[in-house]
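The values are calculated or read from the model by the stated rules, or taken from the named source; none is laboratory data. Note that this is a predicted model, so its numbers are computed, not measured. Glycine also receives a Cβ, built like all others from the backbone with ideal geometry; neighbour counts cover every protein chain displayed. Remember, those area values only see protein heavy atoms, side chains included, never the ligands or the DNA or RNA. Shrake-Rupley method; radii C 1.70, N 1.55, O 1.52, S 1.80 Å.
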Amino acid sequence: MNAAAVVPAAGRGERLGPGTPKALRELGGVPILVHAVRALLSARAVSLVVVAAPPDGVAGVRTLLRDHGLRGKEVTVVAGGANRQESVRLALEAVPADIEIILVHDAARPLVPVDLVDAVAGAVRDGAEAVVPGIRPADTLKQVRSAAPGAPEPVVATPNRDTLRAVQTPQGFRREVLEEAHRAALESGGEVATDDAGLVERLGREVVVVPGAEEAFKVTRPLDLVLAEAVLVRRRAADGF
């Protein structure tokens, strides 16, 4: 059972600073998006990657991927939507009907290990309806009550870290489950979740967690880009990546 990977890459990524959209920022001289697509295509389980690009940038993203040697039937670029959720739904529509496993991966996680991609797809293949990789949080976490911006926030609870996971991507799904989740969200007025697993949870379906990877972190802020550059340098020195 081959998997298709969907990559929503239509956002601006404003927390990374003004300028080029986040997915097109360079990491080691190569756009972040190219790193992410390359990792997905290197996985044994993945037979197709569908990238949801900014609606006005589809041709440019196609050219970018082609110029970096990523082209052909294994890569498709479609116009994304107004938000991540809509972009995933539009990309999903471009996946051939005979593909039963869908992975959804953040373009901003360029250094995801190939083994993690295969592990998530394998967990779906083995029977899980929805799978997310996660790692134990290193910091103590506090639940707070909302306050005015900049004002002190009262702490209401300190959750047990042993029961918490910081969730990463790719997230894996049985295709029919993911389609049902997006259809339900659309019918409810476009209710937005922070990830696709959240939509599946609203259906009452079980989502399971598999071990994530430290290198699958998300490049969101300038400091993340500095860390990603350091990881990439170490990786290249170790194995010529």
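Taking the condition of being of a type in the set (Gly, Ala, Ser) and not in a loop (DSSP other than H, G, I, E, B), how many residues in segment 159-192 meet it? Reasoning before the result, please.
Initial filter on segment 159-192 (of a type in the set (Gly, Ala, Ser)): 166, 172, 181, 184-185, 188-190.
Okay, now just the ones that are also not in a loop (DSSP other than H, G, I, E, B), so 166, 172, 181, 184-185.
Residues that pass the stated criteria total 5.
Report whether or not Glu206 is at pLDDT 95 or above, under 23 Å from the mean Cα position of the chain (by Cα), surrounded by fewer than 15 Cβ atoms within 10 Å (Cβ to Cβ) and part of a helix (DSSP H, G or I). Criteria not met by Glu206. Identify, by number, the condition in (1) open to solvent by 10 Å² or more (accessible area, probe 1.4 Å); (2) in a loop (DSSP other than H, G, I, E, B); (3) at pLDDT 95 or above that Asp115 doesn't meet. So the condition that Asp115 fails would be (2). With the requirement that a residue be open to solvent by 40 Å² or more (accessible area, probe 1.4 Å) and either more than 15 Å from Val132 (Cβ to Cβ) or part of a loop (DSSP other than H, G, I, E, B) (or both), what does segment 193-203 give you? Thr194, Leu203, listed by residue number. For segment 1-44, residues that are modelled with pLDDT of 95 or more, within 17 Å of Pro96 (Cα to Cα) and either of a type in the set (S, T, N, Q) or open to solvent by less than 10 Å² (accessible area, probe 1.4 Å) (or both) total 5.
The set of residues from segment 59-94 being surrounded by fewer than 23 Cβ atoms within 10 Å (Cβ to Cβ) and in a loop (DSSP other than H, G, I, E, B) comprises His68, Gly69, Leu70, Arg71, Gly72, Lys73, Glu74, Gly81, Ala82, Asn83, Glu93, Ala94.
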